[in-house]
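Following: one structure in structure tokens, then a few remarks.
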Amino acid sequence: MVDQRKIIIDTDPGHDDAVAIFTALGSRELRTLGITAVAGNVPLELTARNSMALCECAGRADIPVFAGCDRPLKRALVTAEEVHGRTGLDGVSFPMPQMQLQPQHAIDFLIDTLRNEPEGTVTLCPLGPLTNVATAMLRAPDIVDRIEQIVLMGGAYFEVGNVTPTAEFNIYVDPEAAKIVFGSGVQLTVLPLDVTHKALTTPKRLDAFRDLGTKQGQVVADLLATYNRHDTAKYGSEGGPLHDPCVIAYLLNPELFSGRLVNVEIETESELTMGMTVVDWWKVTNRSENAMFISEVDADGFFELITEKLACL
């Protein structure tokens, strides 16, 4: 019997979110307690629908999906249709999901689950803006000490921003929420652009997904072929970065990654650098370390792991 780690995936699908969800659901090492949708890449109605469509495509309609916050804590919603298309998953036509959204709000699900599961046994995996997680912390401060850890995709430092010159999308969309999470004291592992931009979906790696000969492998290849067009044009790289699956891969095999335990602060005051993750990489301040900030990945090992888990669906 595999010892399963309990996780909740908080997500705004999103092409790369789709691959992360498939990878998690194909991993016997992980027990996904639920998926909480948040507004981000596209509005909440679509991220919730996409979450259910992906569960059904993975053959896991048993996974409960909850709709969460439809806007950031203090700001108007910024979305990314220019990257992910009108549906959030352009490139594949998913049928309308047959499964139903859970009636419970995602925030209540997060709070109830963390209160009811044994303390220190649930890991949160945010793949989008941190609005849901921060809102749960604000509403129920007692859950903070019950979280095992948070492993999230977001931020950038040496790689700089992808939505402004200094800010990565997930943090930029709701910097106030990010500030709450990064200041919570929960054990944090951050997969920023610094590492995800080293996990490029090259044509050879796309072919490996197709060569699985499964529905999910073909879906992933088709999604990423569409997704890559924006990033290869933007960065001039051989393939697009595969951001969100780095979170799941880190949980499955942290030895594929390396980084430093550092202090990370979130900029919420300056319009010029709003949403910047200010990383004390060289420890030049007296600020306390609050995050494992990942900077390197074994890209070949990462893609082998993703391919292996897709084959298990």
**Request:** Answer yes if at least one residue in the stretch 143-150 is out of contact with any strand residue (DSSP E or B) (no Cβ under 6 Å at 6 or more places or on another chain), assigned to a helix (DSSP H, G or I) and over 27 Å from M276 (Cα atoms), and no otherwise.
**Result:** yes
**Prompt:** For the stretch 85-144, how many residues meet the condition of being over 22 Å from the mean Cα position of the chain (by Cα) and hydrophobic (A, V, I, L, M, F, W, C)?
**Reply:** 3
**Request:** Among the numbered conditions (1) closer than 22 Å to Y172 by Cβ; (2) touching an Asp or Glu at 6+ places or on another chain (Cβ under 6 Å), tell me where E82 comes up short.
**Result:** (2)
**Request:** Would you list the helices (runs of 4 or more DSSP H) that sit entirely within the stretch 1-111 and hold 1 or more residues that are among the polar types (S, T, N, Q), touching a residue at least 60 places away in the same chain (Cβ under 8 Å) and within 20 Å of I306 (Cβ to Cβ)?
**Result:** 15-25
**Prompt:** So which residues in the stretch 226-255 are under 12 Å from L200 (Cα atoms) and among the small types (G, A, S), if there are any at all?
**Reply:** G236, S237, G239, G240
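Tell me yes or no: at least one residue of the stretch 84-95 is in contact with a strand residue (DSSP E or B) (Cβ under 6 Å, 6 or more places away or on another chain), aliphatic (A, V, I, L, M), at pLDDT 95 or above and under 20 Å from G14 (Cβ atoms).
Step one: filter the stretch 84-95 for residues in contact with a strand residue (DSSP E or B) (Cβ under 6 Å, 6 or more places away or on another chain), giving none.
No - not one qualifying residue is present in the stretch 84-95.
Here is a yes/no grid of residues against (1) at pLDDT below 95; (2) acidic (D, E):
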residue: G34; (1), (2): no, no
residue: E82; (1), (2): yes, yes
residue: Q100; (1), (2): no, no
residue: H105; (1), (2): no, no
residue: D108; (1), (2): no, yes
**Prompt:** Considering only residues of the stretch 112-132 that are part of a helix (DSSP H, G or I) and in contact with an Asp or Glu (Cβ under 6 Å, 6 or more places away or on another chain), which is surrounded by the fewest Cβ atoms within 10 Å (Cβ to Cβ)?
**Reply:** N132
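Quick one: how many residues across the stretch 151-164 are touching a strand residue (DSSP E or B) at 6+ places or on another chain (Cβ under 6 Å) and not hydrophobic (A, V, I, L, M, F, W, C)? Steps first, please.
Kept after step one, since they are touching a strand residue (DSSP E or B) at 6+ places or on another chain (Cβ under 6 Å), are these residues of the stretch 151-164: 151-153, 155, 157, 161.
Next cut, not hydrophobic (A, V, I, L, M, F, W, C) only: 155, 157, 161.
Residues meeting the conditions: 3.
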**Prompt:** Residues of the stretch 253-290 being in contact (Cβ under 8 Å) with a residue 60 or more places away in the chain, farther than 18 Å from Y172 by Cα and of a type in the set (G, A, S), which ones?
**Reply:** G259
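Restricting attention to the stretch 272-313, and to residues there that are outside any strand (DSSP E or B) and polar (S, T, N, Q), which single residue is surrounded by the most Cβ atoms within 10 Å (Cβ to Cβ)? Spell out the reasoning first.
Kept after step one, since they are outside any strand (DSSP E or B), are these residues of the stretch 272-313: 272-275, 280-290, 298-313.
Filter once more, keeping what is polar (S, T, N, Q): 273, 285-286, 288, 290, 307.
On the way: T273: 16, T285: 11, N286: 7, S288: 8, N290: 20, T307: 17.
Result: N290.
The values are calculated or read from the model by the stated rules, or taken from the named source; none is laboratory data. Note that the structure is a prediction, hence the values are computed from the model and not measured. Every residue, glycine among them, receives a Cβ derived from its backbone with ideal geometry; neighbour counts consider all protein chains shown.
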